[in-house]
């Protein structure tokens, strides 16, 4: 397969640690070989269950496979243990999947990036998973994707510890919007999910961008 025909998300993904929640946000654009917009409605913030959610970036086929695997693995582990697993356990499960996927022999490199957020009895947590399977915990914010250089500037300038959920959602939208304005791989809209300490995962904001012209 010609690598220029691979579907990629381009992407800007953002994760923010607030006082009582984790905020995850991402744009919606998916491209074909980085040149043609193949979808304007690709959702890059994925709910895993009531306690976990993640953002995705990279090759769509690998993202879809790893998403199915981590959802199944978390369910299986919880059934085996008879209780909910911790955020660190779930993040490590996904890191192992990414590590193995990146190192398997394939004509198409498995390139993915995830921001993983969740809650458990001990608190709320945000992790970044590199395309090599590395796992890093953040206590403030993180971002990934082709538009991260634009988004990180907004986060760096405006983040402060103890943000409320509403403040976190607004900051996440501002960061993704900054990338949409300048990064050709990001666009078409934004989705935001909140993982609240007390109530779990919920959709907080979702908006499509209308770029059509009329006379």
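Looking across segment 21-33, the residues that are touching a strand residue (DSSP E or B) at 6+ places or on another chain (Cβ under 6 Å) and either farther than 22 Å from residue 209 by Cβ or modelled with pLDDT under 85 (or both) come down to 21, 22, 32.
The set of residues in segment 123-147 that are buried (at least 18 other Cβ atoms within 10 Å of the Cβ), outside any strand (DSSP E or B) and touching a helix residue (DSSP H, G or I) at 6+ places or on another chain (Cβ under 7 Å) comprises 131, 147. Inspect segment 154-171 for any residue being surrounded by 24 or more Cβ atoms within 10 Å (Cβ to Cβ) and assigned to a loop (DSSP other than H, G, I, E, B) and give the result as yes or no. Taking every residue of segment 154-171 in turn, none turns out to be surrounded by 24 or more Cβ atoms within 10 Å (Cβ to Cβ) and assigned to a loop (DSSP other than H, G, I, E, B). For segment 100-120, a tally of residues being at pLDDT 95 or above and either surrounded by fewer than 19 Cβ atoms within 10 Å (Cβ to Cβ) or assigned to a loop (DSSP other than H, G, I, E, B) (or both) returns 1.
In this structure, is residue 74 more than 30 Å from residue 161 (Cα to Cα) and within 13 Å of the chain's Cα centre (by Cα)? So residue 74 fails the test. Taking segment 42-90, which residues are in a loop (DSSP other than H, G, I, E, B) and either in contact (Cβ under 8 Å) with a residue 60 or more places away in the chain or touching a helix residue (DSSP H, G or I) at 6+ places or on another chain (Cβ under 8 Å) (or both)? Within segment 42-90, 42, 43, 44, 48, 49, 50, 51, 84, 85 meet the criteria.
Just so you know, in segment 181-196 the residues that are part of a loop (DSSP other than H, G, I, E, B) and touching a helix residue (DSSP H, G or I) at 6+ places or on another chain (Cβ under 7 Å) include one that is farthest from residue 23 (Cα to Cα), and it is 183.
Residue pairs whose Cβ atoms lie under 8 Å apart, separated by 6 or more positions or on different chains, with the first residue in segment 198-210 and touching a residue at least 40 places away in the same chain (Cβ under 8 Å) and on the phi > 0 side of the Ramachandran plot and the second surrounded by 13 or more Cβ atoms within 10 Å (Cβ to Cβ) and assigned to a loop (DSSP other than H, G, I, E, B), are 200/50; 200/51.
The values are calculated or read from the model by the stated rules, or taken from the named source; none is laboratory data. Values in this document were obtained by computation on a predicted structure and should not be read as measured data. In this analysis, Cβ positions are derived from the backbone assuming ideal geometry, glycine residues included, and neighbour counts consider all displayed protein chains.
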